[in-house]
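These notes concern the structure reproduced below.
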């Protein structure tokens, strides 16, 4: 038994060592380094410049009258009034910012959690087990990924509109609710979650699970103690992308929801736009954009240590 275990660990270590040796490349020459550094600086500028412009407009009260044509990090008449007005009443609809924030958070966190929870089990099954209809189901997942999201709008509207939920004192139509929007969002998040997680689980050597079973682990213990910790980077990325999709979701919410108390931040931001560019309160619009972007940035920073990892390589060393 110990020999079998050692052989399994050596096989897994050899595979990962070969992969690691292929990743390590030769040192770049000085001209090549300068070229790539200049390229990265240019990309950084193109990304940061629009963000700085939006932040600058949020502090510029003149932006409500005329959109600035030049960027000033500290605009003339610097003011936080736009943020204060947004906190009091974002739009003309009878809904406050905490309600909008809670609705978006509930939609984003709920849809992300559900897609990862279901997706990781489905991805593990597709990656490790052989069963009838496996290839057909994987093709179905790919087909859903290829299908444009807007193509499912009408069928989802008709389907969810027929469902009436009665909870005693509370009765609501599934289409006209955050729950219905979340279910509609899952139709796109879940196929992506399955496909993304399966691709990562395929890279985890099966020898690690075989070695754990030799030590006496059951299949469930192998899944929770071996596979899940090693798949943490992929799970974190999938969860983050699902959260970001739910946080910025607009087209389903805009078509399904009619009660202002169910509106999301993305819907409120769209309601702030006028018929023409000159009628849009750009300082308030920019302040609302900054408020919407902050939670996504916080979630990304919280998951960054998992996203940068190669935990699979570390799992066979020691």
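The values are calculated or read from the model by the stated rules, or taken from the named source; none is laboratory data. Keep in mind the model is a prediction, meaning the values are calculated, not measured. We place every Cβ from the backbone using ideal geometry, glycine too, and count neighbours over all the protein chains shown.
Within segment 215-251, restricting attention to residues that are outside any helix (DSSP H, G or I) and out of contact with any helix residue (DSSP H, G or I) (no Cβ under 9 Å at 6 or more places or on another chain), which residue is farthest from residue 268 (Cα to Cα)? The qualifying residue farthest from residue 268 (Cα to Cα) is 216. Scanning segment 20-64 for residues that are surrounded by 10 or more Cβ atoms within 10 Å (Cβ to Cβ), more than 20 Å from residue 290 (Cβ to Cβ) and at pLDDT below 70 returns a single hit, 20. Reported count of residues in segment 159-197, each being more than 17 Å from the chain's Cα centre (by Cα) and touching a residue at least 60 places away in the same chain (Cβ under 8 Å), is 6.
Look through segment 77-100, keep the residues that are over 31 Å from the mean Cα position of the chain (by Cα), surrounded by 11 or more Cβ atoms within 10 Å (Cβ to Cβ) and part of a loop (DSSP other than H, G, I, E, B), and return whichever of them is modelled with the lowest pLDDT.
78
For segment 290-318, the set of residues classified as closer than 20 Å to residue 244 by Cα, assigned to a helix (DSSP H, G or I) and modelled with pLDDT under 70 consists of 306, 307, listed by residue number. Selection within segment 252-267: residues that are in a loop (DSSP other than H, G, I, E, B) and surrounded by fewer than 22 Cβ atoms within 10 Å (Cβ to Cβ). The member of this set that is nearest to the chain's Cα centre (by Cα) is 257. The set of residues in segment 157-183 being assigned to a loop (DSSP other than H, G, I, E, B) and at pLDDT below 85 consists of 167, 168, 169, 170.
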